[in-house]
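One structure is given below, encoded as structure tokens.
The values are calculated or read from the model by the stated rules, or taken from the named source; none is laboratory data. These numbers were taken from a predicted model, which means no experiment stands behind them. Reconstructed Cβ throughout: ideal geometry from the backbone, glycine too, with neighbour counts over all protein chains shown.
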């Protein structure tokens with residue numbers, strides 16, 4: 001149940017401060033609160049609650065504000081609630097009418113906040129916050145000419161899981177299969193069948209404790225682990241054929257156990273270490289290995305996503321747990337740019353993988369300059385403009401800087417959520433939090449306000465190398 005708020009924007013003067021407390025109106029959390037159109041977001045958020053019965057849900061400002069605070073500092077759910085309880089600026093940010101010494105909500109409510117504010121909702125909120133802060137400052141061309149710069153790149157947000165190995169996955173499958181067998185026997189007063197769990201445990205311990213593992217010896221141990229899992233699967237299938245039912249969580253385990261066994265048996269039979277849609281985590285079977293080829297980690301396990309930068313503002317273009325070709329994202333990103341600005345970008349800065357024949361043809365028809373050299377062997381009389389190439393490479397650093405901020409400062413460097421939907425919403429929340437911090441800064445506000453003056457009235461500054469080196473300048 002949700003009670004729509006008759007919303008009036010809470011101002012700093014309306015916040016009840018206890019005697020002896022003098023708050024600074026220039027505090028960053030007060031500035032951030034002023035940069036969010038709470039009233040408009042509240043109306044859209046209320047539409048998601050159709051049931052008129054039950055407990056009343058917390059308002060959007062409290063839910064979104066708590067998640068942004070958590071993303072800013074990297075707190076746990078319990079620590080986030082305690083910090084809000086102790087800090088009047090954070091209480092103002094989440095919309096409390098005045099300072100209070102009680103907890104505004106229980107720490108378990110943070111789970112519901114993450115589920116309600118899913119990836120799609122957070123992307124829409126991100127767009128509305130950007131429009132609220134830039135609608136009077138953006139410079140649109142009067143004609144149909146292209147204008148602006150779109151920067152595009154992809155990265156991976158790794159998940160907080162232990163490094164996957166065949167032995168660990170098989171052991172997880174075995175132990176959870178034994179738990180399913182125990183549950184069925186206890187609920188139906190059945191005698192537990194022999195599954196040799198002590199022997200299986202000893203084989204696993206001998207394997208993980210051994211420092212040097214010969215290839216032939218390791219293969220024999222994996223064969224034993226496969227046989228233990230196979231025995232458990234046969235026992236569970238026999239129970240299911242007799243009509244015994246599994247709880248919902250055990251049904252998910254059962255499907256994962258069978259999939260892990262099939263993949264591991266296939267790799268064992270074919271003497272390979274790769275298989276399609278390989279499971280790397282028992283409790284998060286939707287995760288996939290993402291081959292990055294970076295010096296730090298050749299393979300990462302998490303979410304691959306494309307992010308675009310437009311006038312210094314970041315937007316999610318695509319998120320996926322499976323590896324994909326980044327070139328598929330470019331056309332959609334350009335179309336969304338057109339929907340926002342009413343014109344195509346003058347140039348698109350992207351990696352080599354985006355510059356295939358289809359994307360280059362798409363950009364050429366629309367008068368968009370796609371950075372980088374043409375495909376194929378260079379022509380004899382062709383002399384590329386080194387100044388333009390250098391400038392494109394310098395400006396494209398903005399998206400790399402955005403990735404660095406997301407991972408170092410806003411929690412995208414290690415995703416700790418457990419569910420599939422909350423993992424995607426965590427990445428969207430990181431992008432939203434980064435944009436809000438940029439919009440709050442004095443530099444970016446001044447930049448948006450005077451961008452059209454610098455571009456249109458002063459030829460000297462318009463050609464200044466200082467301004468050209470700014471990644472935001474078109």
Practice prompt. Report yes if some residue within the stretch 36-51 is modelled with pLDDT under 90, in contact with a helix residue (DSSP H, G or I) (Cβ under 8 Å, 6 or more places away or on another chain), assigned to a loop (DSSP other than H, G, I, E, B) and not assigned by TED's automatic domain parsing to the domain that holds residue 418; otherwise report no.
Written response: yes
Discussion item. Quick check on the stretch 360-377. Is at least one of its residues closer than 19 Å to residue 147 by Cα, in contact with a helix residue (DSSP H, G or I) (Cβ under 7 Å, 6 or more places away or on another chain), touching a residue at least 24 places away in the same chain (Cβ under 8 Å) and not in a loop (DSSP other than H, G, I, E, B)?
Written reply: yes
Worksheet item: Tell me, which residue of the stretch 265-297 that is in contact with a strand residue (DSSP E or B) (Cβ under 7 Å, 6 or more places away or on another chain) and at pLDDT below 90 is surrounded by the fewest Cβ atoms within 10 Å (Cβ to Cβ)?
Response: 291
Worksheet, complete the sentence: Going through (1) touching a residue at least 24 places away in the same chain (Cβ under 8 Å); (2) surrounded by fewer than 18 Cβ atoms within 10 Å (Cβ to Cβ); (3) within 18 Å of residue 348 (Cα to Cα) one by one, residue 409 fails only at (3)
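Yes or no, residue by residue, for (1) assigned to a loop (DSSP other than H, G, I, E, B); (2) over 18 Å from the mean Cα position of the chain (by Cα); (3) farther than 16 Å from residue 420 by Cα; (4) assigned by TED's automatic domain parsing to the domain that holds residue 354:
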| site | (1), (2), (3), (4) |
| --- | --- |
| 276 | yes, yes, yes, no |
| 279 | yes, yes, no, no |
| 294 | yes, yes, yes, yes |
| 302 | no, no, no, yes |
| 309 | no, no, yes, yes |
Worksheet entry | Scope the stretch 54-101; condition over 25 Å from residue 26 (Cα atoms), at pLDDT 90 or above and not in a helix (DSSP H, G or I); matching residues | 76
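Conditions (1) without any contact (Cβ under 8 Å) to a residue 24 or more places away in the chain; (2) buried (at least 19 other Cβ atoms within 10 Å of the Cβ), marked per residue:
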site	(1), (2)
164	no, no
180	no, yes
192	yes, no
217	yes, no
225	no, yes
231	no, no
